[in-house]
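Everything on this sheet refers to the single structure shown next.
Please treat every number below as a calculation from the coordinates, not as lab data. It should be emphasised that the depicted structure is a prediction, and the values quoted were computed from it without experimental measurement. Backbone-built Cβ (ideal geometry, glycine too); neighbour counts: all protein chains shown.
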Amino acid sequence: MTDKQPAREVIEGSVVEKAPQGTSTNTASAIVLRADQDEFDHKQLSTLALISPGLSAAPRGHLAMFFHYCVRTGLDPFARQIYMIGRKNWKHAENPEEEPEKTWTIQTGIDGFRAVAHRAAAKAGEAISYEDTVYYDSEGRAHEVWLSKAYPTAVKVTVLRGAARFPFIAKWEEFAPTFYSSKQGAYVVAKMWQQMPAHMLRKCAEAGGLRMAAPQDLSGVYVDEEMEQADAEATASIAEDATRRLRQAAGLEDESEKETKPAPNVPEGEPEQEPAPAKRTKPRKTTATSESTAQEPEEESPPARKRATPRKRAAALKSRAS
């Protein structure tokens, strides 16, 4: 008695299980991608959530896109050959109606990149090869091998596909991730990049060259080393946000806002005046009243006082005469 082995069918470069005739599809693995699928089922999503816990919060549209990349590249998400990572979108706090809460990136290792590129070239009857890697120091001098303890300034990797050349230069300042160290009180380079700086930067350059050589298969996919700077920026943003909230709780943020508060608008040609204390407001009002009274026409108050005296005297004389 021989067991029937499940047949395999290739869909757009992805190996998926297809049950043999006369057997149920349940005999295959419960999480393997099947030929009749167009998206992940419940069991597959549950398994992916165990591998990447944040994936359970991914929108259905992003999951469908991730499924498409798995099928197109032929990489197995359950073997951690390809995965989708969500990172907090810091623009969402300022514009929640238009910006998504998270941005999702499909990533893989450099070995997955190489496998996809070689498979794509083989389908076209071509081969993937490389020119010698070139390392550059801060003075722009080229080196075949990097032996210095300092960080390389740039690395150049040229990928060959058939007769076509695809050179890519990765600069240290563009890819090296840095994060804030509370112990040192400054931003430092990530640990792996400190230990193997030339190797890590070379993988970024190779990934860029392979993506140019196989754009149909690798566009929209990134290696882990390319996205480490984004992770470092997210960590720095979290630290800055926490620092800002602590300053607000301690009342330091309000003081800084008061210092930077813009001065009130003053009409042109008039000097800027400081607000007077409360005790001095009454005398100033009194003075202003007397000044305004003094500026009134002289015909109203002074003549009235002069005319009042003769009228009173005339009335007194008439009463005496009577």
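Observations on the structure shown:
- For the residue pairs K171/K191; K123/K156; K149/K171; K156/K183, alpha carbon separations beyond 24 Å are given by K123/K156; K156/K183.
- Inter-site label distance for A115 and A150 at 7 Å from Cα along Cβ, in nm: 4.0 nm
- Available extension along the chain between E94 and R34 is 17.4 nm, counting 0.36 nm per residue and deducting the alpha carbon span.
- Compactness index (Cα Rg / 2.2 N^0.38 Å), the stretch 95-148: 1.93
- Among D41, D224, D132, D217, a tally of other beta-carbon atoms within 10 Å of each Cβ gives an order, fewest to most, of D132, D41, D224, D217.
- Rough spin-label spacing in nm, given labels placed 7 Å along Cα→Cβ, for R87 and K102: 1.4 nm
- Global form of the stretch 41-150, assessed from the alpha-carbon gyration tensor, a/c cut-off 1.5: oblate
- Each of Q194 and S219 was given a label point 7 Å from its Cα along the Cα-to-Cβ line. The distance between the two points is 4.0 nm.
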